[in-house]
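Asker: Before I ask anything, here is the structure I am working with.
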Amino acid sequence: MKLWTLTFALVLALPWNAAFATDIDEVRTLLLNGDVDRLDATMSELSKDTEASRIHLYREISDTLFRSSHPTYLATLADWLEQKPSSGTALSANAWAAINNVYLTGSPYGSGFEMPNLHEFQQRWIQSRQRAFELAEQALRTDQRNISAIDAWLFMQRFKPAKGETTHVATRLMSIAPNRQSIRNLVATNVGRAQVRGRAAIDTCHSYANLAQDYNRTLCMIEAAFEHILENDLLDQAGKELAKIDDPRLDTVRFVAENIQGGEKDATALFRLHRSTLARRVEPGEYIGTAQRVAWLTDTPDYVETAHDELSGQLDQWLRDDPLNPRYLLHKSYVLQQRSEYAAARKVWKQALVHGWPDLNLWIIGAMTEFHDENLSEGAKYIEVAAAAAGNKIELLSVHQMFDNAIKKSHSPPQDGVLCLRARIALLSKGLCDVYGQMAGSICRPDHPVFKSVTDTISLVPKNCPRLSETPVSELTFSSTLTKEVAGTLVNIAAE
Amino acid sequence: MRIYLISLFTILWTSSATAETTIDDVLAALAEQEFSLLEERFAEASGDANEKGDYRPLRQLYFAVFEKANSERFAKTKAWQSAFPQSPFAATALAKVHLKRAFLLRGAMASRYTSPEAFDGFHSELREASRYIEVARRHTPEFVPALDAAVDLAMTGHSGDPLVLVNRLIDAAPDYTSMQFAISALRTNWSGSLRDNIQLCVTMAHKVPDYDAELCLIEVAFANKAKGPLMDAAIEALANRDEPFLDYIRIKVYMTQWRYEPNALEEIQRIHRASLAWNFKPDEFMIRNGILQTTFNLPFFAAEMEEAAMQTLAKWLKVDPQNHRLANTYFRHSVRRSEMRYGEISPELMQDLTDMWPDMLVLGRFSPDVWEVGRQIMAFRRGWHDVVAQLPFVRNRVYFSNHNPSVVRSHMSDLYSVWDVATGGSGSSLTAEQLAGAREEVECPLVRASRIYEAMCKADPRAIGCNIGGWGGIFPEHARRISKNSKKCSAGKDAGIEALVYTPVDISPNIFKEGVQK
């Protein structure tokens, strides 16, 4: 660790440790022990404290302990609300738990707050979003000055169906907590729901940024531009300003800027900036995606491996308070599999299923473990689930590719059922390419290896599965309930 | 802002075998100009209808034969009417043809984006229709198809109080089709009022068997795109009804408010598929099909439906060849499908589409969409970068849209793409010389388009096409900057806006027959 980073961390950490009566560990213990009375007393006291570091702590607790998938925490939170239904802090804590549930039920592939693209998962997501709306509203109504309630309410206002007037809440927020985090939250809300995003960012930054001691309009616009990828001219301007400022708080956005605009090709500097994005919880898929780009920009292919390791180290820390986060667990199980620790990988994989069962990638990982153990038919079962989870999207071609490789590598001869499953996936893949054609990109071109494996399989259909060649493609699609059914036989999947 | 005519196909389409033969007979008689035979056939059909109180076959006959944009049938219908000037059957047929022509000449845009020429064409056809409706009703005032036509005409404000005519129609033919004519005519964006509609539902609906005021209010709410409590009540009422004829509404609700219901996907697919056979409205169908493919994740179903829809369209165009709206839909989707599948349009396909062009112009010469088709054909032949060759079509497109900001914007976007490539903003396969040529040609038209766009949007900032932000808002801004910095196009830059607006150009329907090849 570079010396200045260490110093910076110490400087930030010192006054808090000295001043705090409550800290995050204490609240964690209360949650684990289910001590609702003390939890309510502690949090109520904290919620009334307007000292800057205490506000920061309250936010941190909300973000790491309440916005969590920890079954014990969640049980305590529910218990707390049941015992003290009119407690503002109980309401806001439960609002954050509900917000996490929106994330858990959202599309497995995007940021986590997007509606799932498969019809059968949509209603469940809408219900969890509705629940989060209601709790956030109720929390704010109960205690208008509770910072955690304000944050939760603003967070939910990003979603289209809400779009209530936010100005009065923003004004109140700035009177309680006039700081960088508050403004970033406001920008996220206003940009997230705006038509003209750049205009919303400018309005918000200009209205509020100068009210904060640790912030100003320029910093605000820089962060807004790169965190929300605003219009080109704003990005250009922000990039120019960013180059003039040396502030480690801006490392994350500096990384985004480098990533978009290029420029910095000094590998060490770019690695450091990339690593700095781990300071907040990130989506593993996104982190690895940017690592791949960094590796390409700096011509250092090994960096992807390094990034996997660093992320894994970080994940264990995040999993402590968020142990059933399916994306963390998916990544962890993938890394374990890469290290040939199959038994451990399978264990983690099962935990990931609890919330992550709609994710197609998870089933591919599961299948890979089975294929490694030469359980071709068990692996095929997961492949079928993966194909169902792919839901007529072009990703189906990758499922075929992976399955095809496994069959070819297998030492034992595949059964007819396995061959027909491969044939069915291939026919559907070809059908998708017929529909989407050019729009699907290069993967559907005749000379693409992925597509070639599809046509190779199809050439075997009359021999392997004659019945399939006579069935119209639209009748070959997989049952939409298959994913849930199979997941249910493996783990207790999270209740709806 | 498109105005959709409520189609009356719902019932008119349900064809029985006997109706089929009558239609074939009538078509044959018309083709052979055997007008006495026509008179006989219609007298029979009309007598049957009155006797049985079932007007469906008679209406279907008029719909299938005369509500078409078909020059040949038009000429023969005129001849029939001249041969039997007192005949209510012939006069009604001719009135129906004129009504069809009127709406095609007018186009489907809101009045402020409809040109004076289109309105002139519309009204002159309506005057003809009105004349023949009068002839038809002089001796047989309650002849149902003539009343249908009178109701359609009343919608445009050309004759009488629509509510009075609507009531007469329902008294003469108390059936669902009459209700459909009534609801269509009383739409509030034509000459109806909310009060007329409520009166219709409350005082007339119960006269129709198997129909009632609630059903009427549901249909009225959707026909008028009601918002707020009326729409909420309509949807709530719909949930408790099971009349199959409401399927055309049900599918809309299943795709919006009810889309997360467990049976939504099934219902949508069932109704969408069925609508091909009894209620096919090409534009609506294609838009919905696109949504089903992407948002509802039904690629295979949508592909199958699209194929079937294109076949139906092609079949329809054969009997409705000057219907430029059908042709335009067919053109657009043929081009899109080909580009999506093969990344290009084959010269053969473009030739087939180009062959439709002279027919499209007959009733579509005031339609911005038709001129856009012409521009695309020209761009295909001469290359997309040949701005000069496309400009005459663009001038007509913009002029006949009344300088509609979204049309100007789309034109500007085309020009900006050329500019972007010509100035090196995007990659291109053109030669340096071609690029320089395009750069030279595109600047002044771009300056002019940008000036017009600015002026139109300044006059009406809330117009569709003006208030687009985000990424979509960037190119007009760039165009404005190019315009401001332009040295070459000082005329366009400084002239008053009156001097810049487009005027129409005379373009021969045979332009693509003269050897311009790619």
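Asker: Looking only at residues in the range A:237-250 that are open to solvent by 70 Å² or more (accessible area, probe 1.4 Å) and over 22 Å from residue A:275 (Cα atoms), which one is farthest from the other protein chains (Cβ to nearest Cβ)?
Answerer: So the residue we want is A:240.
Asker: Name the one entry in B:417, B:413, B:428 that is more than 14 Å from chain A (Cβ to nearest Cβ) and not in a helix (DSSP H, G or I).
Answerer: Of the residues listed, the single one that is more than 14 Å from chain A (Cβ to nearest Cβ) and not in a helix (DSSP H, G or I) is B:428.
Asker: For residue A:392, which of the numbered conditions (1) buried (at least 22 other Cβ atoms within 10 Å of the Cβ); (2) away from chain B (no Cβ under 14 Å); (3) at positive phi fails to hold?
Answerer: Result: residue A:392 fails condition (2) only.
Asker: Ok, one more. Please work out which residue is farthest from residue A:468 (Cα to Cα), limiting yourself to the range A:426-452 and to residues that are buried (at least 20 other Cβ atoms within 10 Å of the Cβ) and more than 14 Å from chain B (Cβ to nearest Cβ).
Answerer: Among those that are buried (at least 20 other Cβ atoms within 10 Å of the Cβ) and more than 14 Å from chain B (Cβ to nearest Cβ), it is A:451.
Asker: What single numbered condition from (1) surrounded by fewer than 24 Cβ atoms within 10 Å (Cβ to Cβ); (2) modelled with pLDDT of 95 or more fails to hold for residue B:182?
Answerer: Here residue B:182 meets the rest and fails (1).
Asker: Here is a further query. What is the number of the single condition among (1) modelled with pLDDT under 95; (2) more than 14 Å from chain B (Cβ to nearest Cβ) that residue A:182 does not meet?
Answerer: Evaluating residue A:182 over (1) modelled with pLDDT under 95; (2) more than 14 Å from chain B (Cβ to nearest Cβ) leaves (1) as the failure.
Asker: Count, please, the residues in the range B:207-258 that happen to be touching a Leu at 6+ places or on another chain (Cβ under 6 Å) and in contact (Cβ under 8 Å) with a residue 24 or more places away in the chain. So that I can check it myself, show each step before the final result.
Answerer: At the first step, the residues of the range B:207-258 found to be touching a Leu at 6+ places or on another chain (Cβ under 6 Å) are B:218, B:221.
Keeping just the survivors that are in contact (Cβ under 8 Å) with a residue 24 or more places away in the chain gives B:218.
So the count comes out to 1.
Asker: Which ones in the range B:131-145 are within 26 Å of the chain's Cα centre (by Cα) and crowded, with 21+ Cβ neighbours inside 10 Å?
Answerer: B:132, B:133, B:144, B:145
Asker: Just checking, does the range A:258-266 include any residue being aliphatic (A, V, I, L, M), out of contact with any Pro (no Cβ under 8 Å at 6 or more places or on another chain) and under 17 Å from residue A:223 (Cα atoms)?
Answerer: Yes: one or more hits.
Asker: Determine, yes or no, whether residue B:311 is open to solvent by 30 Å² or more (accessible area, probe 1.4 Å), at pLDDT 95 or above and within 14 Å of another protein chain (Cβ to nearest Cβ).
Answerer: In short, no.
Asker: Give me a count of the residues in the range B:176-210 that are more than 27 Å from the chain's Cα centre (by Cα), assigned to a helix (DSSP H, G or I) and of a type outside the set (A, V, I, L, M).
Answerer: Qualifying residue count for the region: 6.
Asker: Find the residue count for the range A:396-424, including only residues that are within 14 Å of chain B (Cβ to nearest Cβ) and farther than 21 Å from residue B:290 by Cβ.
Answerer: Of the residues in the range A:396-424, 2 are within 14 Å of chain B (Cβ to nearest Cβ) and farther than 21 Å from residue B:290 by Cβ.
Asker: Next question. Every residue in the range A:83-123 that is assigned to a helix (DSSP H, G or I) and touching a Gly at 6+ places or on another chain (Cβ under 7 Å), please.
Answerer: A:103
Asker: Kindly indicate whether residue A:187 is touching a helix residue (DSSP H, G or I) at 6+ places or on another chain (Cβ under 8 Å), in a helix (DSSP H, G or I), over 13 Å from residue A:96 (Cα atoms) and away from chain B (no Cβ under 14 Å).
Answerer: Yes.
Asker: Does residue A:141 satisfy the criteria of being surrounded by fewer than 18 Cβ atoms within 10 Å (Cβ to Cβ) and either modelled with pLDDT under 90 or within 14 Å of another protein chain (Cβ to nearest Cβ) (or both)?
Answerer: No; evaluated as a whole, the condition is false for this residue.
Asker: What tally of residues in the range B:315-350 results from selecting those that are within 14 Å of another protein chain (Cβ to nearest Cβ) and either basic (Lys, Arg) or touching a residue at least 60 places away in the same chain (Cβ under 8 Å) (or both)?
Answerer: 3
Asker: I'd like the full set of residues that are assigned to a helix (DSSP H, G or I), within 17 Å of residue A:132 (Cβ to Cβ) and in contact (Cβ under 8 Å) with a residue 40 or more places away in the chain, limited to the range A:66-79.
Answerer: A:66, A:73, A:77
Asker: Something else: In the range B:76-95, what residues are open to solvent by 10 Å² or more (accessible area, probe 1.4 Å) and either charged (D, E, K, R) or outside any loop (DSSP other than H, G, I, E, B) (or both)?
Answerer: B:76, B:78, B:79, B:81, B:82, B:83, B:88, B:89, listed by residue number.
Asker: Kindly provide the set of residues from the range A:192-236 that are surrounded by 17 or more Cβ atoms within 10 Å (Cβ to Cβ), in contact (Cβ under 8 Å) with a residue 12 or more places away in the chain, in a loop (DSSP other than H, G, I, E, B) and of a type in the set (A, V, I, L, M), ordered by number.
Answerer: Within the range A:192-236, A:212, A:230 meet the criteria.
Asker: For residue B:285, are the conditions met, namely being away from every other protein chain (no Cβ under 14 Å), of a type in the set (Phe, Trp, Tyr) and within 15 Å of residue B:197 (Cβ to Cβ)?
Answerer: Numbers: away from every other protein chain (no Cβ under 14 Å): yes; of a type in the set (Phe, Trp, Tyr): yes; within 15 Å of residue B:197 (Cβ to Cβ): no.
Criteria not met by residue B:285.
Asker: Can you tell me which condition residue B:474 does not meet? The list is (1) open to solvent by 30 Å² or more (accessible area, probe 1.4 Å); (2) of a type in the set (Val, Ile, Thr); (3) under 22 Å from residue B:442 (Cα atoms); (4) at pLDDT 85 or above, and all the others hold.
Answerer: (4) is the only condition that residue B:474 fails.
Asker: I'm trying to understand the selection: among the residues of the range A:327-361, which are in contact (Cβ under 8 Å) with a residue 40 or more places away in the chain and open to solvent by less than 20 Å² (accessible area, probe 1.4 Å)?
Answerer: Answer for the range A:327-361, where residues must be in contact (Cβ under 8 Å) with a residue 40 or more places away in the chain and open to solvent by less than 20 Å² (accessible area, probe 1.4 Å): A:328, A:331, A:353, A:356, A:357, A:358, A:359, A:360.
Asker: Restricted to the range A:457-490, and to residues that are among the basic types (Lys, Arg) and assigned to a helix (DSSP H, G or I), which residue is most open to solvent (accessible area, probe 1.4 Å)?
Answerer: For the range A:457-490, the residue satisfying everything is A:463.
Listed here are the residues, each with its yes/no results for (1) of a type in the set (Val, Ile, Thr); (2) farther than 18 Å from residue A:195 by Cα; (3) in contact (Cβ under 8 Å) with a residue 60 or more places away in the chain; (4) in a loop (DSSP other than H, G, I, E, B).
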residue	(1), (2), (3), (4)
B:446	no, yes, no, no
B:450	no, yes, no, no
B:455	no, yes, no, no
B:465	no, no, yes, yes
B:480	no, yes, no, no
B:488	no, yes, no, yes
B:506	no, yes, no, yes
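Asker: Take the residues in the range B:278-295 that are open to solvent by less than 40 Å² (accessible area, probe 1.4 Å) and without any contact (Cβ under 8 Å) to a residue 24 or more places away in the chain; name whichever of them is farthest from the chain's Cα centre (by Cα).
Answerer: Here the answer is B:293.
Asker: Give the range B:3-44 a look and list any residue that's modelled with pLDDT of 95 or more and either under 30 Å from residue B:190 (Cβ atoms) or part of a loop (DSSP other than H, G, I, E, B) (or both), or say none.
Answerer: If the condition is that a residue be modelled with pLDDT of 95 or more and either under 30 Å from residue B:190 (Cβ atoms) or part of a loop (DSSP other than H, G, I, E, B) (or both), then B:32, B:33, B:34, B:42 are the ones that fit.
Asker: Any idea which of (1) open to solvent by 50 Å² or more (accessible area, probe 1.4 Å); (2) modelled with pLDDT of 95 or more is the one residue B:246 doesn't satisfy?
Answerer: Failed condition: (1).
Asker: Could I ask something else about it? Residue A:69 - would you say it is open to solvent by less than 10 Å² (accessible area, probe 1.4 Å) and either under 18 Å from residue A:327 (Cβ atoms) or out of contact with any helix residue (DSSP H, G or I) (no Cβ under 7 Å at 6 or more places or on another chain) (or both)?
Answerer: yes
The values are calculated or read from the model by the stated rules, or taken from the named source; none is laboratory data. Note that the coordinates shown come from a computational prediction; the quantities given were computed from them, not determined experimentally. Note that we place each Cβ from the backbone using ideal geometry, even for glycine, and neighbour counts take in every protein chain shown. SASA here: full protein model, heavy atoms, side chains in, ligands and nucleic acids out. Shrake-Rupley method; radii C 1.70, N 1.55, O 1.52, S 1.80 Å.
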